[in-house]
1. Modelled label-to-label distance, residue B:382 and residue A:353, 7 Å Cα→beta-carbon offset: nm?
2. Any idea what the alpha-carbon Rg over 2.2 N^0.38 Å comes to for chain A?
3. For the protein assembly as shown, give me the percentage of DSSP beta bridges that are antiparallel, rounded to the nearest 5 percent.
4. Counting partner chain Cβ atoms within 10 Å of every residue's Cβ in A:53-64, what's the average?
5. Would you compute, from DSSP H runs of 4+ residues alone, the mean residue ellipticity of the protein assembly as shown at 222 nm, taking -39500 (n - 2.57) per run and dividing by the full residue count, rounded to the nearest 500?
6. In percent, how large is the relative contact order of chain B, given Cα pairs closer than 8 Å and 6 or more residues apart?
7. Nearest 5 percent is fine: what portion of the DSSP beta bridges confined to chain A is antiparallel?
8. Once R0 is set to 56 Å, what does the formula 1/(1 + (r/R0)^6) return for the Cβ-Cβ distance between residue B:142 and residue A:224, expressed as a FRET efficiency to the nearest 0.05?
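What follows is calculated from the coordinates using simple rules that are stated; it is not laboratory data. Since the model is a prediction, treat every value here as computed from it, not as a measurement. Using ideal geometry, Cβ is built from the backbone for each residue, glycine included, and neighbour counts are taken over all protein chains shown.
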């Protein structure tokens with residue numbers, strides 16, 4: 001630590017060069033942070049999926065519906081602790097661009113199945129008491145400035161009746177940091193009555209969610225469910241929630257590969273720029289390094305001095321960049337609904353820190369070795 | 001002394017000196033070149049995704065090709081018609097006709113889960129049920145392998161994009177719909193358009209398989225002439241028996257592509273801007289060290305009578321040339337790596353997969369070179385100003 005002033009002085013010797021390099025590194029880490037948030041938004045659902053939950057959908061495709069009567073049959077299958085269903089409503093609020101999900105659910109079974117949604121008990125009571133009641137996540141409520149008691153008109157092109165009006169009885173929060181709080185849920189009984197009234201689509205639901213008694217048995221339970229409905233007009237495909245989310249993310253494309261590719265190009269570029277600056281900085285002071293050696297600095301100490309200098313630079317730049325990225329991403333989804341889970345996870349910040357450290361070691365390595373191998377006589381002669 | 005010719009020869013001389021000194025500074029020059037190349041590569045690469053997607057979505061549809069949906073539906077997925085409604089639509093004035101009647105095809109649009117070749121996981125592949133006029137209401141749809149499916153049979157033809165992206169979709173393969181296997185009997189191209197992502201079969205066959213009764217979701221039609229669009233549209237929208245909207249196919253698909261292309265383009269520009277800022281700092285560093293290592297040389301030139309302007313312009317040219325070399329390398333690398341790279345992604349509007357090829361267009365390469373130029377100019381300006389303003393006497397004394 002006693003050499004810190006020396007390292008600091010070396011860094012601040014050419015203030016312009018150091019600040020330019022620092023800014024370059026900072027920019028790279030801002031980009032790193034933002035891309036991590038984008039990836040999180042697209043594939044983050046996988047990590048948040050419940051390990052003990054399975055999704056049952058129509059075998060041919062998710063747009064085909066399953067009979068409501070399957071619920072009782074699934075509940076009887078050994079290993080199933082609970083089952084409930086949801087249906088894609090696909091409505092829009094005011095403008096088709098204002099996208100968020102609305103699904104009819106059975107309130108009690110639904111809230112028991114998804115403990116990550118937290119609804120105050122009195123709001124739950126109000127929901128159970130209001131047939132046209134709906135609850136919405138904090139994010140969407142804030143986005144449209146809705147408050148409890150509002151009447152929310154939702155247009156639905158799918159479910160014949162054009163405008164559906166819901167009474168907002170509750171606003172739920174997420175139990176975990178990444179929980180998606182953009183969806184709206186309303187009562188299935190109200191939904192199904194309206195379908196019966198227009199004699200279309202009644203008694204059909206989108207997909208079932210199962211809670212298994214023992215997560216270790218999930219694969220077997222999934223097989224049992226699919227076997228139960230084999231050769232019926234509505235065959236099913238059952239898979240763990242995580243696999244379902246992963247499959248969904250894969251439909252967009254290989255996000256992780258694309259993001260890693262871009263980041264690799266970015267860091268390679270930064271490595272070149274900072275690496276060349278660092279070696280330039282060391283070359284400028286070969287004479288001084290020779291003097292340090294002459295007065296008794298060991299090879300190892302010179303090596304660590306140079307490495308410490310480069311690491312200080314990259315970690316400083318990396319830290320500033322990550323802080324800025326955290327600030328930028330704290331605002332949430334920049335696209336207005338397309339990326340509801342846009343946020344920078346803490347684990348990625350940690351990864352970023354280690355990358356900045358590694359960047360410092362790699363860029364400093366060559367100049368540090370040069371410094372270590374200096375012969376005093378040669379170096380001092382250059383002054 | 002002050003003639004323009006002399007001025008230019010001064011610039012040429014200083015530039016030549018600068019360029020000849022590059023081998024001595026090859027490390028930092030190479031860093032700048034690759035820095036700029038990196039920016040251009042990523043910029044062109046990311047935007048080629050957006051360009052390719054947009055191209056696939058808009059390749060379909062000449063001005064006389066229209067699509068009719070239920071009013072309020074922005075995609076076929078959420079639209080719906082009964083057979084009577086599709087008949088009324090087909091009989092409206094303004095449609096082209098052939099021996100079999102009006103050129104209108106009532107269609108059914110559903111999805112079927114098939115594994116993607118690249119990931120092995122299920123994807124929503126669009127499956128379309130069509131009527132006899134389907135091929136004539138689209139542009140340039142050709143069967144390139146195998147044959148057309150037989151009407152009334154459980155047979156399918158697949159778009160060339162779908163054949164490439166999803167497992168089992170080649171002539172001789174089959175599509176599993178529930179417990180039945182539908183053989184693939186042909187592969188078609190559609191001028192790179194969105195239909196190439198789809199699987200086609202007879203609409204009646206599909207209605208039965210998906211329990212859809214006698215219903216359809218859209219009507220594709222060809223107008224007698226592009227000018228009859230308004231009269232066709234008015235006839236349908238004023239008909240009290242219908243509740244529909246009419247769009248040209250090209251506009252319909254362009255609209256569907258805007259959300260994704262806007263997202264990718266925004267992201268591409270954001271990444272490129274941030275990287276370019278980094279590259280400008282890199283270029284600044286390089287040029288400042290170039291100026292620093294040539295302080296005496298520049299001062300000597302000034303003492304010999306070279307003008308400030310000539311030094312400034314020469315330094316800018318040097319910086320620009322270095323950046324342009326980087327830009328050219330980045331653009332070439334992007335072209336080789338990404339042009340015509342086949343991919344499939346989700347079209348969120350129709351909830352189904354669209355296959356497309358990344359497109360590195362000349363316009364995109366031009367934009368990449370523009371970025372490189374901007375980086376070179378910005379990165380060269382301040383060091384060049386510094387060089388031009390060097391106090392001659394003090395600089396000559398410098399070691």
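1. My value for the distance between the label points is 3.1 nm.
2. Working: Rg = 29.3 Å, N = 383, 2.2 N^0.38 = 21.1 Å.
Normalised Cα radius of gyration, chain A: 1.39.
3. Close to 80 percent.
4. Working: counts 0, 0, 0, 0, 1, 3, 6, 11, 14, 5, 10, 8.
Taking the mean over all residues of the peptide, I get 5.
5. On the way: 26 runs with 406 residues, N = 782.
When only DSSP H runs of four or more count, the value is -17000 deg cm²/dmol.
6. Values: 775 pairs, mean separation 115.7, N = 399.
Across chain B, relative contact order equals 29 percent.
7. Details: 28 of 37 bridges.
Restricted to chain A, the bridges split so that about 75 percent are antiparallel.
8. Values: r = 48 Å, r/R0 = 0.85.
E between residue B:142 and residue A:224, to the nearest 0.05, is 0.75.
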